[in-house]
Amino acid sequence: MVNFEAELAKLLSLETESLPQYEFAELAAAGQELLAELNKKQTDTSLQIEEIYDLVKEQGFLREKADAEKARADQLVVAAVGLSDLLEDFYAYAGRSGNAELGRQARLLWEKAGATLSNCGIFRFGEEGQSLDPRIHAVKASAASPFPREQVAELLQSGYVYQNVVIRKAAVVVSSGQEEESRKTETAEEEIGLDYRNGANTEIRNEDQYEGDANEQNSRY
């Protein structure tokens, strides 16, 4: 059986030998090198953190600047479309006025404004006779017109595209096609009436022919 108390007393009685002087110096130098390396890594890490912080700060500033510029551009686009709407109202008024010279001047102004908007990346669209497209047309009413059904019968207000995005749909009146159908019905009725009248005239001519034949026969007798 092992005497644990005796073994413990034996261990405690052992004398600890001190390290030689050269070994202690080597350990101290290695510790200093390790400490210097750790300090260098910490310094490098701090510099990297500062660079990342400056970069993030700069990116945030640039993003805020870009957002401000975009908001400003959007405001200018809205203002340009508003001015174009005023010109469109004037163009429509000039066309209804019956003044040929005023209408000509309004048309030139309207075309020049459209070219200027196009140079700025703002494109105008919408015209009569186009097929109805819910993606670009906002239907405000339906009316009979010479155009087939589901086509634009009248343009109330132009639509606009900016940076390949529809920023406002064109306000239109869609054709119900009734006027065209009514014209076809009237034409068909006229043709039927003409055929009927031609038939009646033929019958009358036939009766006259019969009477002529009867008179001729009576004269013979």
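Yes or no: region 135-152 includes at least one residue that is farther than 30 Å from residue 177 by Cα and surrounded by fewer than 10 Cβ atoms within 10 Å (Cβ to Cβ). Scanning region 135-152, I find no residue that is farther than 30 Å from residue 177 by Cα and surrounded by fewer than 10 Cβ atoms within 10 Å (Cβ to Cβ), so the answer is no.
Does residue 115 meet the test of being small (Gly, Ala, Ser), more than 15 Å from residue 77 (Cβ to Cβ) and surrounded by 15 or more Cβ atoms within 10 Å (Cβ to Cβ)? So that I can check it myself, show each step before the final result.
Numbers: small (Gly, Ala, Ser): yes; more than 15 Å from residue 77 (Cβ to Cβ): yes; surrounded by 15 or more Cβ atoms within 10 Å (Cβ to Cβ): no.
No: the conditions fail for residue 115.
Region 66-163 holds strands (runs of 3 or more DSSP E) entirely within its bounds, and those carrying 3 or more residues that are touching a residue at least 12 places away in the same chain (Cβ under 8 Å) and over 22 Å from the mean Cα position of the chain (by Cα) map to 137-143.
Any read-out appearing in this document is the output of simple, stated calculations on the displayed coordinates, not a laboratory observation. This one's a predicted model, so the numbers in the text were calculated from it and none came from an experiment. So basically every Cβ, Gly included, is an ideal-geometry build from the backbone, and we count neighbours across all protein chains shown.
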